[in-house]
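These notes are about the structure you will find just below.
The values are calculated or read from the model by the stated rules, or taken from the named source; none is laboratory data. These numbers come from a predicted model, not from an experiment. All Cβ positions, glycine included, derive from the backbone under ideal geometry; neighbour counts span all protein chains shown. Areas reflect the complete protein model, heavy atoms only, side chains present, ligands, DNA and RNA absent. Shrake-Rupley method; radii C 1.70, N 1.55, O 1.52, S 1.80 Å.
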Amino acid sequence: MADSRIWRQACHAAALAGYRYKVWFRRHRRHILLRLRDGDLAMQMSDYRQSVENRDWRAALPKALALGPLVKARKEVRLLDELGQGLMRMGAYGAAADLKIARRHIVQGRADNEWLGQDISGQVLVLDLMETEKQGLATAIHHSSSIARALSAASRVIVLVEHRLIPLFQRTFPEADVRAAGAGKASAYAEAQIFAGVQHLTALFETDGSVIRKHFVPLKPDTARVAQLRQRYRKDDRPLVGVAWSSSNPGKDLPPLAAWSGLMGRTDFNFVSLQYGDIESDLKVLTDGRPERIFLDRSIDQLVDMDLFAAQVAAMDAVVTISNTGAHLAGALGMPSIFILGDGFKRSWPVEGDRTPYYPSALLVSKRERTWDQVMKEAEGSLERLCRTGSV
């Protein structure tokens, strides 16, 4: 019906232009329809993007849902990425997963041995959480809870992750065979009869927020290391609060160091740095020249030993951090956490509300076009309540 309407409009325009153009239109009907559909698609995408820019999520969501099948039919990979990300952020997890699988099939083709929900009991499954270079630590951590559900479906599951995650994932999922992605990938695929990536986990197990929350499985840190670090950091009865404030990603919208001064000036908390990199100059600004206000443990380098970093995070009473790998790790560990988020739409966190089903113990403090001072004030109040009640 839409095609016939578009075609009638095209023919009418051709008739107005003269008989010669009308004949040409009829000869090139298919090409014209595709071009007109592209124009209609471009207009609809522009309308959707305007709703996103206006932060009008009630308008943006139905537009994205309507655009999904059209973009999928047209095999527009870039637009599938854009809509999939948007739908995920607006809580339409099932629709987002459908577009992600469609994108995969367009780019890589449909494989005979990929897991799309069929019965795989009695088979060996390779679960590749680092299928592409873009799927790093945060991606694997974000979807880690679904490993437990995959384990119940196959006779054996080989999980491929970045090598720094092996101890943490193996401890959490002892029934899995956790290996480093990279050199061992070929042998893992050779052993398995079926495979799945992050997109498959999303499509199979993460299509509804309540279901994601219900099946949350916290990662298990090394309890001996946790106890050791907690003893090292704890000076008195004040809560231990882990903090991280900076990112190597220049595209992130982050609070300036000065905006942290109110929180860092609190004497009723003991602060521990969870920030990576060379941070001595940052500490001077954050602590108003008293860097001892924030405990910096130089024996821990999260870029080298992620399992030790996980133990450090788990040693805290609470975590306050920007969006980074540490935020995903704190959430996946089930730590009471506050995530401070900018307004950029390309980030992975929900656009509305202050929770994410992937991390039930986390509270999201989003900028929402406010000043960073206002945002940090809210985070400070949330931390007070969190430490008083023990939960978000």
One computes Rg over Rh for segment 285-392 from alpha-carbon atoms, with the Kirkwood Rh, and obtains 0.96
Ignoring ligands and nucleic acids, K284 exposes an accessible area, probe 1.4 Å, in Å² to the nearest 10, of 130
Non-local residues with an amide H under 5 Å from the amide H of V159, with H modelled 1.01 Å from N and Pro and chain starts lacking one, are L127, D177, V178, R179
Segment 48-189: relative contact order from alpha carbon pairs under 8 Å, six or more residues apart, as a whole percent, is 16
From most to least accessible, 1.4 Å probe, no ligand or DNA/RNA atoms counted, R74, R213 line up as R213, R74
Looks like segment 248-302, by Cα gyration tensor root eigenvalues a ≥ b ≥ c and the a/c under 1.5 rounded cutoff (else prolate when a/b is bigger than b/c, oblate otherwise), is oblate
For the pair S299 and Q374, the simple spin-label estimate (label points 7 Å beyond Cα toward Cβ) gives in nm 4.4
Using eta = 1.306 mPa s and T = 10 °C, Stokes-Einstein with Kirkwood Rh from Cα pairs puts D for segment 67-129, in µm² s⁻¹, at 124
Here the relative contact order (percent) of segment 159-243, from C-alpha pairs under 8 Å and at least 6 apart, is 28
Segment 189-240 and segment 336-378 have their Cα centres apart by a whole-number Å value of 20
For segment 232-355, using Cα atoms only, the Rg and Dmax in Å read 14.1, 41
Expressed in nanometres to one decimal, the distance between label points 7 Å along Cα→Cβ at K75 and D343 is 3.9
With every protein chain kept in place and a 1.4 Å probe, the chain has an accessible area per residue in Å² of 48
FRET efficiency for K235 and L116 from the Cβ-Cβ distance with R0 = 56 Å, rounded to 0.05, comes out at 0.55
Ranked by GNM mean-square fluctuation in the chain (Cα springs under 10 Å), the top entry among Q85, Q170, Q228 is Q228
1/(1 + (r/R0)^6) with r = Cβ-Cβ of D208 and Q44, R0 = 30 Å, i.e. FRET efficiency to nearest 0.05, evaluates to 0.70
The set of residues whose placed amide H lies less than 5 Å from the amide H of F271, leaving out same-chain residues fewer than 5 positions away, is V241, F295
In Å³ per residue, the alpha-carbon convex hull of the chain encloses 168
By the C-alpha gyration tensor axes a ≥ b ≥ c (rounded if a/c is under 1.5, else prolate when a/b exceeds b/c, else oblate), the shape of segment 344-392 is oblate
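Membrane-span-like helices in the chain: DSSP H runs reaching 20 Å or more (Cα, own axis), mean Kyte hydropathy at least -0.5?
2-17, 57-74, 93-108
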Dividing the alpha-carbon radius of gyration of segment 124-182 by 2.2 N^0.38 Å, where N counts its residues, gives 0.99
Comparing S366, S145, S51 in a Gaussian network model of the chain (Cα, 10 Å), the one with the largest mean-square fluctuation is S51
At q = 0.14, 0.18, 0.23, 0.28 Å⁻¹, the log10 of I(q)/I(0) for segment 223-262 from a Debye sum over equal Cα scatterers comes to -0.55, -0.73, -0.82, -0.96
Using a 1.4 Å probe on heavy atoms of the protein chains only, the accessible area for S155 in Å², nearest 10, reads 80
Scalar couplings 3J(HN,Hα) for segment 162-171 by Karplus 6.51 cos²θ - 1.76 cosθ + 1.60 (θ = phi - 60°), nearest whole Hz, x for Gly and Pro, are 4, 4, 5, 8, 4, x, 5, 6, 5, 5
Per segment 93-208, sqrt(5λ) over the Cα gyration tensor eigenvalues, sorted largest first, in Å, gives 20, 16, 15
Taking Cα pairs closer than 8 Å and at least 6 residues apart, the relative contact order of the chain in percent is 14
Under a 1.4 Å probe, counting only protein heavy atoms, V320 has an accessible area in Å², nearest 10, of 0
XL table K72/K220; K284/K367; K235/K377; K100/K214; K72/K367; Cα-Cα > 30 Å flagged, in table order, is K72/K220; K72/K367
Taking only the alpha carbons of segment 176-225, the radius of gyration and the largest Cα-Cα distance, Dmax, both in angstrom, are 14.9, 38
